[in-house]
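> Below you'll find the structure I mean.
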Amino acid sequence: MAGPAETDDVSAAAARVDDPRIAEVLARWWGFDTLRPLQAEALRAALAGRDSLVVLPTGGGKSLCYQLPPLVAETTDVVVSPLVALMKDQVDALEAIGYPAAAIHGGMTAEERQAVRDRIAAGELRLVFAAPERLVNTGLLDVLARVGVKRFAIDEAHCISQWGHDFRPEYRQLALLRERFPAASIHAFTATATPRVRADIARQLELRDPAVLVGTFDRPNLVYRVVPRTDRATQVVEVLGRHRGEASIVYCISRKETERLAERLAAAGLLARPYHAGLDARERHATQEAFARETIDVVVATVAFGMGIDRSDVRLVLHTALPKSLEAYQQETGRAGRDGLAAECVLLYSSADVFSWESLVRKSAEESELDAADREALVAAQLEHLHAMRRYAQAARCRHAALSEYFGQAYPAGACGACDVCLGETGSLADATVTAQKIISCVARVGERFGVRHVCEVLRGAATDGVRRHGHERLSTFGLLASLDQRSAENLVHQLLDQELLARTGGDRPVVTLNERSWEVLRGGREVVLLEPRAARAKATQADVDDWQGVDRDLFERLRRWRRRVAEARGKPAWTIFDDKSLRSIARDKPDSPAGLLRCRGIGEKRLADFGTAILDLVAGKEPPTDPA
């Protein structure tokens, strides 16, 4: 990449379409009359045959940038996608509006794959989705060469970079597209890419003078909260209580934790299931389908779940432990509110997660086949990512600003109104310095020979076997924090570790020790700020209030129930029928004619023909048939 100028978008305003070809297709197929930021520039590059690298946040409209051009140009374009589930969801959504698209993947029979190849050869398809290994290793490129493919879209393009958070070696094979299709343009799309990753993507794909379009990383419709973790299961139930009946994803680090937590949530009356790579493939698929079709509300998952989920109405993403990087966090929280409506992202944080991740990183590196220098470089890079995540979690500053600045973008001064810090939900512990002195003194009294749990048992005055065996019930610090439960006490110790006011040894049985800063606190030479270990007092955001302004909630729920019935009858994910934003638009405007319905968001000619009568009946208070088609 020979120094292309980047186009950054710092506005969130939608823009009218100035190209009549694009305007006509947009209105006819999708029912829109405006484009999101940078979509027009991406579409112009694609139609002009110029390479591009497009970085837009999840929900920023990347898919339209490669879906619309082949309709305007009447060509067959190819989309490279990493997961079968992701391809299937996109094809389902396109078929719902009558768009001629198909995916070709290993889960199909030989006959089904041949049928897609025949449709490609006949020029019937506008988009063909394929995984990188199937694209380059099965002769599919020969078929595509015969129909003269002019555009390749590389979705989730960060997978090609070793500096990305989700590197996939099979993506490196895509470099041969430039050799096999020298006249075709290549368009890389991703939601999370630092400047370093963007440069690597362009280099690996051999992009020629690409239009580099970098959207605003900030997602103003998301409210971010970081809550000190005290009682994981109880806190999860409390947060989910704010989203009953709504789509939610709960992320855990371990497989066992997903299963335990899903059982707890089901016992609490929530429609929840676990999802992780260790489950049977059929069980994983069933959970994914149930979530997509709205027959369950909550998926409790490891990070194995998510990239293949294109559901637009996820209202909550909850992390029960610290993600390993801000790139991963941005990707995972980006699955919330993809429809542009308000959604919540909650992180339950303990610095114990940092030590767990550090141990996993080093163990993984030791078990790898890399040489010593490469192992050291890998560990250093992963720990750099981890500690950036830790700094985000423990900082008492605007979450939106912190995320924007990490990805190289300035954030406007002032409160965002959409994070725990700016909403005034975080609270400082009274007499934090005195509390810190009690904790540090206890570490000194036990001889800097014990871990967090034992130190906190002494501070709480717990008469455990370990405390009695070492005679620690006789220490002056015994019982100084008797009013706290064990989890709250441990949370305070972890905050001191985060701020490097205490130190901790490595190994499987880490010991809490003192450092120079510890002595400064003890001598009264350093003030300490500690967050009170309690659940966040969640406040309503302005975005949530605005989203519901004028919406008839009863009508919205009737529309949701009707959408679910139609989706079940068709065997499709509910969001591919209509997204929540469209349903709220209908419930707000209450159209009484086909012309009025066309003015609602997301209603194009195909949806009007398929569902117009049923929707107008619902608005009028009548009960339509299950599936009018």
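The values are calculated or read from the model by the stated rules, or taken from the named source; none is laboratory data. All figures in this text were calculated on a predicted structure; none of them were measured in a lab. All Cβ positions, glycine included, derive from the backbone under ideal geometry; neighbour counts span all protein chains shown. Areas reflect the complete protein model, heavy atoms only, side chains present, ligands, DNA and RNA absent. Shrake-Rupley method; radii C 1.70, N 1.55, O 1.52, S 1.80 Å.
> Tell me which residues, restricted to the range 326-369, are in a loop (DSSP other than H, G, I, E, B) and touching a Ser or Thr at 6+ places or on another chain (Cβ under 8 Å).
Filtering the range 326-369 for residues in a loop (DSSP other than H, G, I, E, B) gives 334-342, 350-351, 368-369.
Scanning the range 326-369 gives GLY334, ARG335, ARG338, ASP339, ALA342.
> Moving on. Among the strands (runs of 3 or more DSSP E) confined wholly to the range 69-136, which include 2 or more residues that are without any contact (Cβ under 8 Å) to a residue 40 or more places away in the chain and under 21 Å from GLU156 (Cβ atoms)?
Details: elements: 77-80, 101-104, 127-130.
Here the list reads 101-104.
> I need the full set of residues from the range 546-571 which are under 15 Å from ASP610 (Cα atoms) and of a type in the set (Lys, Arg), in order please.
Across the range 546-571, the qualifying residues are ARG563, ARG565, ARG570.
> Cβ-Cβ below 7 Å, separation at least six or inter-chain, first residue in the range 563-582 and under 17 Å from LEU86 (Cα atoms), second among the basic types (Lys, Arg) and in a loop (DSSP other than H, G, I, E, B): which pairs?
Cβ pairs passing all conditions: PRO573/ARG293; PRO573/ARG311; ALA574/ARG293; TRP575/ARG311.
> Residues that are modelled with pLDDT of 90 or more, at least 1 per element: which helices (runs of 4 or more DSSP H) completely within the range 503-610 meet that? It would help to see each step written out before you state the result.
Values: elements: 516-522, 542-547, 553-570, 580-589, 594-598.
Passing ranges, in order: 516-522, 553-570, 580-589, 594-598.
> Please find, among ALA381, ALA290, the residue that is surrounded by fewer than 20 Cβ atoms within 10 Å (Cβ to Cβ) and either in contact (Cβ under 8 Å) with a residue 40 or more places away in the chain or among the aromatic types (Phe, Trp, Tyr) (or both).
Details: ALA290 fails: either in contact (Cβ under 8 Å) with a residue 40 or more places away in the chain or among the aromatic types (Phe, Trp, Tyr) (or both).
Selected residue: ALA381, the only one of ALA381, ALA290 that is surrounded by fewer than 20 Cβ atoms within 10 Å (Cβ to Cβ) and either in contact (Cβ under 8 Å) with a residue 40 or more places away in the chain or among the aromatic types (Phe, Trp, Tyr) (or both).
Here's the yes/no breakdown for (1) closer than 25 Å to PHE578 by Cα; (2) touching a residue at least 60 places away in the same chain (Cβ under 8 Å):
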site: ALA247; (1), (2): yes, yes
site: GLU257; (1), (2): no, yes
site: LEU270; (1), (2): yes, no
site: ALA281; (1), (2): no, no
site: THR320; (1), (2): no, yes
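> Here's another thing I want to ask about it. Pull up the range 11-65, narrow it to residues that are of a type in the set (Ser, Thr, Tyr) and modelled with pLDDT of 85 or more, then point me to the one that is nearest to GLY604 (Cα to Cα). Lay out the reasoning, then the answer.
Narrowing the range 11-65 to residues of a type in the set (Ser, Thr, Tyr): 11, 34, 52, 58, 63.
So of that shortlist, the ones also modelled with pLDDT of 85 or more come out as 52, 63.
Working: SER52: 29, SER63: 17 Å.
Only one residue fits best here, namely SER63.
> Which numbered condition trips up ARG449, out of (1) at pLDDT 90 or above; (2) under 37 Å from the mean Cα position of the chain (by Cα); (3) part of a loop (DSSP other than H, G, I, E, B); (4) charged (D, E, K, R)?
So the condition that ARG449 fails would be (2).
> Condition check: closer than 21 Å to THR426 by Cβ, open to solvent by 10 Å² or more (accessible area, probe 1.4 Å), at pLDDT 90 or above and of a type outside the set (A, V, I, L, M). Does THR234 satisfy that?
On the way: closer than 21 Å to THR426 by Cβ: yes; open to solvent by 10 Å² or more (accessible area, probe 1.4 Å): yes; at pLDDT 90 or above: yes; of a type outside the set (A, V, I, L, M): yes.
Against the criterion (closer than 21 Å to THR426 by Cβ, open to solvent by 10 Å² or more (accessible area, probe 1.4 Å), at pLDDT 90 or above and of a type outside the set (A, V, I, L, M)), THR234 qualifies.
Rundown of residues vs (1) over 11 Å from the mean Cα position of the chain (by Cα); (2) modelled with pLDDT of 90 or more; (3) surrounded by 22 or more Cβ atoms within 10 Å (Cβ to Cβ), yes/no style:
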position	(1), (2), (3)
ALA266	yes, yes, no
LEU271	yes, yes, no
GLY278	yes, no, no
ARG282	yes, no, no
HIS285	yes, no, no
MET307	no, no, no
LEU318	no, yes, yes
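> While we're here: In this structure, does ARG445 turn out to be of a type outside the set (Gly, Ala, Ser) and open to solvent by 40 Å² or more (accessible area, probe 1.4 Å)?
Values: of a type outside the set (Gly, Ala, Ser): yes; open to solvent by 40 Å² or more (accessible area, probe 1.4 Å): yes.
So ARG445 passes the test.
> Another question, if that's okay. Could you tell me whether LEU459 is crowded, with 19+ Cβ neighbours inside 10 Å and without any contact (Cβ under 8 Å) to a residue 60 or more places away in the chain? So that I can check it myself, show each step before the final result.
Details: crowded, with 19+ Cβ neighbours inside 10 Å: yes; without any contact (Cβ under 8 Å) to a residue 60 or more places away in the chain: yes.
For LEU459, the condition - crowded, with 19+ Cβ neighbours inside 10 Å and without any contact (Cβ under 8 Å) to a residue 60 or more places away in the chain - is met.
> With the condition kept exactly as written, say whether any residue in the range 463-470 is more than 22 Å from PRO228 (Cα to Cα), buried (at least 16 other Cβ atoms within 10 Å of the Cβ) and aliphatic (A, V, I, L, M). Even if it seems obvious, please write down each step before you answer.
Start the filter on the range 463-470 by keeping residues that are more than 22 Å from PRO228 (Cα to Cα), which leaves 463-470.
Still in the running and buried (at least 16 other Cβ atoms within 10 Å of the Cβ): 467, 470.
Pick out the ones that are also aliphatic (A, V, I, L, M) and you get 467.
Checked the range 463-470: at least one residue is more than 22 Å from PRO228 (Cα to Cα), buried (at least 16 other Cβ atoms within 10 Å of the Cβ) and aliphatic (A, V, I, L, M).
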